[in-house]
Amino acid sequence: MSPTVLITGANRGVGLALARHYHGEGWQVIGVCRQTSAELNEVASRVMEGIDVTRAADIARLAEEVKGQRLDLLINNAGLLRDESLGELNFDTIREQMEINAYAPLAVVEALLDNLGEGSKIANITSRMGSIADNDSGGRYGYRASKAALNAFGKSLAMDLAPRGISVIQLHPGFVKTRMVNFGGLISPEEAAAGIASRIAALTLESTGTFWHSNGEPLPW
């Protein structure tokens, strides 16, 4: 039986590239998004549209729709980038990023615990901007803080889920040419997806709870 991956934010960018990658590898792909795309419809075995991962009711609907379905891989990919500068801080956008980038992935994992079993993996798409040690330029208050929180959540999940045989990894995709950065990145979504998939494939219980660049470089917390 083909393994199954569930990807949030799967309708475009890195999420769509990941859906295409795993479809090409013979996986059953469940694409979760607020609004689907023709490209996602072509590769997903199942599309769950109208899911806002910041809404408890939508997450509950997601859990109900996949009840009884084993997930071999859960990829928390949905994310948001805003910009705040000191002296012009917008706490509304900071809260918005915390909701989408940190709280939502944790809520999704909590809701789908029964779908995950021994050998399942969770990949949280984070950012090296969530690394405190790597921060040498400041700014991006909401994005940095939300990704740092996601990293902390991911580490705790790794510790708590290891006894169940479930491994967790935090992955920085790289500077990817997506809408989030006005397509000004250095690598394509396809390159990022290939790197992410390689890191996930290499993940074991021995390496659970670690933080990696998609190119194979370990990243500092």
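The values are calculated or read from the model by the stated rules, or taken from the named source; none is laboratory data. It should be emphasised that the depicted structure is a prediction, and the values quoted were computed from it without experimental measurement. Using ideal geometry, Cβ is built from the backbone for each residue, glycine included, and neighbour counts are taken over all protein chains shown.
Numbers for the structure displayed
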quantity: Per-region count, the range 2-24, residues in contact with a Phe, Trp or Tyr (Cβ under 7 Å, 6 or more places away or on another chain), part of a loop (DSSP other than H, G, I, E, B) and of a type outside the set (Ser, Thr, Tyr); calculated: 1
quantity: Criterion (modelled with pLDDT under 95, among the hydrophobic types (A, V, I, L, M, F, W, C) and assigned to a helix (DSSP H, G or I)) met by exactly one of Met98, Met180; calculated: Met180
quantity: Ser137 closer than 25 Å to Phe183 by Cβ, in contact (Cβ under 8 Å) with a residue 12 or more places away in the chain and of a type in the set (Ser, Thr, Tyr); calculated: no
quantity: Residue selected from the range 191-215 under the condition touching a helix residue (DSSP H, G or I) at 6+ places or on another chain (Cβ under 8 Å) and touching a residue at least 60 places away in the same chain (Cβ under 8 Å), by the criterion surrounded by the most Cβ atoms within 10 Å (Cβ to Cβ); calculated: Ala192
quantity: Residue among Ile187, Ile166, Ile122 that alone is within 27 Å of Thr4 (Cα to Cα), crowded, with 21+ Cβ neighbours inside 10 Å, among the β-branched types (Val, Ile, Thr) and over 14 Å from the mean Cα position of the chain (by Cα); calculated: Ile166
quantity: Residue in the range 142-163 that is crowded, with 19+ Cβ neighbours inside 10 Å, in contact with a helix residue (DSSP H, G or I) (Cβ under 6 Å, 6 or more places away or on another chain), over 30 Å from Lys67 (Cα atoms) and of a type in the set (D, E, K, R) present; calculated: yes
quantity: Some residue of the range 203-220 being modelled with pLDDT of 95 or more, within 16 Å of Thr8 (Cβ to Cβ) and not charged (D, E, K, R); calculated: no
quantity: Within the range 52-67, considering residues that are touching a residue at least 24 places away in the same chain (Cβ under 8 Å) and under 25 Å from His23 (Cβ atoms), the one surrounded by the most Cβ atoms within 10 Å (Cβ to Cβ); calculated: Val53
quantity: Any hit, the range 141-149, residues being farther than 25 Å from Ser85 by Cβ, modelled with pLDDT of 95 or more and touching a Ser or Thr at 6+ places or on another chain (Cβ under 7 Å); calculated: no
quantity: Residue check for Glu64: in a helix (DSSP H, G or I), modelled with pLDDT of 95 or more and at negative phi; calculated: yes
quantity: Options Leu73, Leu81: the member that is within 20 Å of Leu157 (Cα to Cα) and either in contact with a helix residue (DSSP H, G or I) (Cβ under 9 Å, 6 or more places away or on another chain) or modelled with pLDDT of 95 or more (or both); calculated: Leu73
quantity: Residue satisfying condition, being surrounded by fewer than 15 Cβ atoms within 10 Å (Cβ to Cβ) and either under 24 Å from Leu73 (Cβ atoms) or touching a residue at least 60 places away in the same chain (Cβ under 8 Å) (or both), within set Asp114, Asp92; calculated: Asp114
